[in-house]
Amino acid sequence: MQLVRFLRSSIARVTVLHGLVLAASMIAVLAGVYLATARLIATEGDQLLSIEAQSLAEFFHDHDVDAFIGEVAERAEDPWTRGGVYELRNANGDFLAGNVVILPELKPSNSGFTEFEVAVARADTEASRSIRARIQDLGQGYRLLVGHDVQDRQAFRTVMLRSVIWAILVTLLFGAAGGWWLGHRISSTAQAINASAARIAAGNLTERLPLNGSGDEIDTLVARFNDLLARVDTLTTTLRAVLDSTAHDLRGHLNRIRGAAQEASLKATTPEEQQSIQTVLGEIDRLSDTLQGLLRIALAESGTAPLDDVDFSQIAQDLVEFYQPVADEPLVSEITPGLIVRGHRQLLAQSISNLLDNALKYAPHTPVGLRLTREGSIAVLDITDRGPGIPAEQRAYATMRFRRLPGSSGLPGSGLGLSLVAAVARLHQAELKLLDASPGLRVRLSIPLANT
């Protein structure tokens, strides 16, 4: 598993890419050097053969046959010393001089050159040697083979080819090592930035992305991002202060209005006045609930709510016990104990409370179920009712603020319940789904468990 994760990492990709690029570059350079050197050696060898064959042809024309045979015999005395291979035949094909007997079997190419293997005696041993030769027609039916031992040339090509292969392997090794170092440096920087970004996303706006001090483009980008974070932190702090101050003032006004309405209720003399005052008190309570809902949504969406390890199972159990007495039908619960999540206790409790409120409100006189289980590293909360449910085409709008679905007129509420649940889900990096319970609605909230 760790090997698969490493192979998918940026370190592995950079390592492989860097090594392959360097190896490809080295292959191109050394291959060019090898081919150019081999071609140069071969060309010079052929030129020397051509010069020697032409020189002997001129000697043949300037002297008699016996002198020429003597010259060839002298040159062919020790091929190991001179490195030359010779063979002279007359028009009848008779061997006249030389140190090989190979000519009748050879057919030169269009260029006049040929290659063959020949056994050359040295002391009491024979060795097979590679010969490249030129066949020269001297005229009067005489044919001369002039060859040179190319064993050393082939050995040179072999050694050079091995050197090229070793150079490529060493380059690939060093390239991979350099790529690993570069990839590890990039990955370490990315992991540090990712860890800081996760803490920022969790609401810690005082966190800053780490600088490596190199002054490169990444450092410059991180510095600019930190400036942006500082600006966001300042704006968030200012907005939170304004929101808290405004909320405090609004709550104060609402409490004073409620107090005045209650005082007026005590002085009411007719049923009509009492009814009007009760309507005002109801609207005040509704406005207060809306204000509290908006404040909780703002807290969840700001990302500044402090998160701790909380017992999600205990929160769910407490709320089941709280709602059990007011439910028309007994709540059906199945709660796996000990599910610890990283979260905000009050917001999580409010989310479950909103879901139970909706289930009891929209599906009265029917069983409501709450099920909290563990699926791998996820705590899965399902709240199910047998009410009218939410049509599939309306579910995308159900979590919008102040959005009330058809059929909910006349029921209490401000249209913020599911909006708060959605905001809390985003704060906890959870997933909220509205599913069909056939009949009714199943709301599923999936929250990652802590330390998994």
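The values are calculated or read from the model by the stated rules, or taken from the named source; none is laboratory data. Computed from a predicted structure; not experimentally measured. Every residue, glycine as well, gets a Cβ built from its backbone with ideal geometry; the counts of neighbours run over all protein chains shown.
Here are the numbers for the structure shown:
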item	result
Top-ranked residue of region 376-395 - restricted to ones that are in contact (Cβ under 8 Å) with a residue 24 or more places away in the chain and acidic (Asp, Glu), ranked as farthest from Leu420 (Cα to Cα)	Asp385
Filter result for the condition that a residue is of a type in the set (Phe, Trp, Tyr), out of contact with any strand residue (DSSP E or B) (no Cβ under 9 Å at 6 or more places or on another chain), within 30 Å of Tyr142 (Cβ to Cβ) and at pLDDT 85 or above, over Phe68, Phe59	Phe59
So Val164, is it modelled with pLDDT of 80 or more and not assigned by TED's automatic domain parsing to the domain that holds Ala230	no
All positions within region 322-367 that are of a type in the set (D, E, K, R), out of contact with any strand residue (DSSP E or B) (no Cβ under 9 Å at 6 or more places or on another chain) and without any contact (Cβ under 8 Å) to a residue 60 or more places away in the chain	Asp328, Glu329, Lys361
Single residue of region 53-68 satisfying the filter (acidic (Asp, Glu) and in a helix (DSSP H, G or I)) that is farthest from Phe113 (Cα to Cα)	Asp66
Hits in region 309-356 (condition: part of a helix (DSSP H, G or I) and aliphatic (A, V, I, L, M))	Ile315, Ala316, Leu319, Val320, Val326, Leu347, Leu348, Ala349, Ile352, Leu355, Leu356
Residue match in region 39-48 (condition: at pLDDT below 85 and part of a strand (DSSP E or B))	no
Of residues in region 436-452 being assigned to a loop (DSSP other than H, G, I, E, B) and of a type in the set (S, T, N, Q), the one farthest from the chain's Cα centre (by Cα)	Ser438
Residue check for Gly19: at pLDDT 75 or above and not aliphatic (A, V, I, L, M)	no
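Listed here are the residues, each with its yes/no results for (1) under 13 Å from Ala327 (Cα atoms); (2) acidic (Asp, Glu).
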| site | (1), (2) |
| --- | --- |
| Gln346 | no, no |
| Asp357 | yes, yes |
| Gly369 | yes, no |
| Gly387 | no, no |
